[in-house]
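Read through the structure below, which is laid out as structure tokens, and then see the notes.
The values are calculated or read from the model by the stated rules, or taken from the named source; none is laboratory data. If you're wondering where the values come from, they're calculated on a predicted model, not measured in any experiment. All Cβ positions, glycine included, derive from the backbone under ideal geometry; neighbour counts span all protein chains shown. Accessible surface is based on the protein model in full, side chains and every heavy atom, while ligands, DNA and RNA are left aside. Shrake-Rupley method; radii C 1.70, N 1.55, O 1.52, S 1.80 Å.
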Amino acid sequence: MQIIQQRYYTPEEYLELEEAADYKSEYIDGQIIPMAGGTANHNRISLNLSAALNFAFRQQDYEVFMSDVRLWISQKHTYTYPDVIILAGEAEYFNNRTDIIVNPQLIVEVLSKSTKGYDCEDKFQAYRTISTFQEYLLIDQTRIHVDQFSKIGKKQWTLREYDEEDEAIALVTVPFEISLQDLYNKVKFEPVEPEEESADIEGLG
């Protein structure tokens with residue numbers, strides 16, 4: 001993740017630049033960071049999950065947003081574009097802007113090679129400063145693997161991992177379940193190259 005210029009931008013400057021930009025950028029305490037371009041697998045996973053969530057919640061008091069809606073994290077002076085956000089009840093908007101929300105209950109990030117470390121560490125740390133935030137899903141797009149973090153108390157989170165196609169993810173904070181088979185529907189993984197033999201067999205025998 002690269003900062004576009006070594007200077008400080010105010011949140012207002014960032015929003016003004018973002019309105020005119022041809023690509024999305026995140027804002028982290030004065031720095032503007034262009035987002036990596038999405039892949040086909042990233043899009044498939046996000047759509048699979050969002051469509052299933054939207055259908056499941058059609059008669060319930062939850063709402064699903066995808067990556068076009070910004071999230072403002074006030075304690076970290078950060079704007080992000082989570083891949084999927086679930087809200088409980090009514091959306092709360094920052095400064096009455098309907099493109100910026102502040103009250104996520106569950107956040108989903110589909111991992112890419114360039115942002116994996118950031119999503120797992122610094123971004124998760126920032127998300128945890130949001131009082132309404134209760135659950136976090138990290139979905140790998142290169143293999144079948146999901147990390148599910150759920151809040152069980154003040155500064156206490158549990159982790160569950162999923163890595164088998166016949167498993168199903170049951171969300172903790174909202175009434176929803178999806179199989180990994182459905183989550184990864186139509187996702188095409190790149191073939192794994194076999195590792196070369198590292199042992200030197202010369203002189204053996």
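Apart from one condition, residue 59 fits all of (1) within 21 Å of residue 91 (Cα to Cα); (2) surrounded by 18 or more Cβ atoms within 10 Å (Cβ to Cβ); (3) at pLDDT below 95; the exception is (2). Of the listed requirements (1) loosely packed, with under 14 Cβ neighbours inside 10 Å; (2) of a type in the set (Phe, Trp, Tyr); (3) more than 28 Å from residue 174 (Cα to Cα), residue 27 misses just one: (1). Of the residues 60, 75, the single one that is out of contact with any strand residue (DSSP E or B) (no Cβ under 6 Å at 6 or more places or on another chain) and in a loop (DSSP other than H, G, I, E, B) is 60.
Of everything in the range 82-102, what is assigned to a loop (DSSP other than H, G, I, E, B) and open to solvent by 10 Å² or more (accessible area, probe 1.4 Å)? Give them in sequence order.
Residues satisfying the conditions are 83, 89, 90, 91, 92, 95, 96, 102.
Within the range 35-61, residues that are closer than 17 Å to residue 181 by Cβ reach partners that are among the small types (Gly, Ala, Ser) and open to solvent by less than 70 Å² (accessible area, probe 1.4 Å) with beta carbons closer than 8 Å, at six or more positions or on different chains, in the pairs 46/67. Give me the residue from the range 123-147 that is of a type in the set (S, T, N, Q) and surrounded by 19 or more Cβ atoms within 10 Å (Cβ to Cβ) and, out of that set, nearest to residue 42 (Cα to Cα). Filtering first and then ranking leaves 141. For the range 42-53, a tally of residues being out of contact with any Ser or Thr (no Cβ under 9 Å at 6 or more places or on another chain) and crowded, with 16+ Cβ neighbours inside 10 Å returns 7. Screening the range 66-79 for residues that are at pLDDT below 95 and open to solvent by less than 60 Å² (accessible area, probe 1.4 Å) and picking the one that is nearest to residue 100 (Cα to Cα) gives 69. When you scan the range 12-52, how many residues do you find that are among the aliphatic types (A, V, I, L, M) and under 15 Å from the mean Cα position of the chain (by Cα)? Adding up the residues that qualify gives 5.
As a summary of the residue check, residue 123 satisfies the conditions (1) charged (D, E, K, R); (2) closer than 20 Å to residue 15 by Cα; (3) part of a loop (DSSP other than H, G, I, E, B) except for the one numbered (3).
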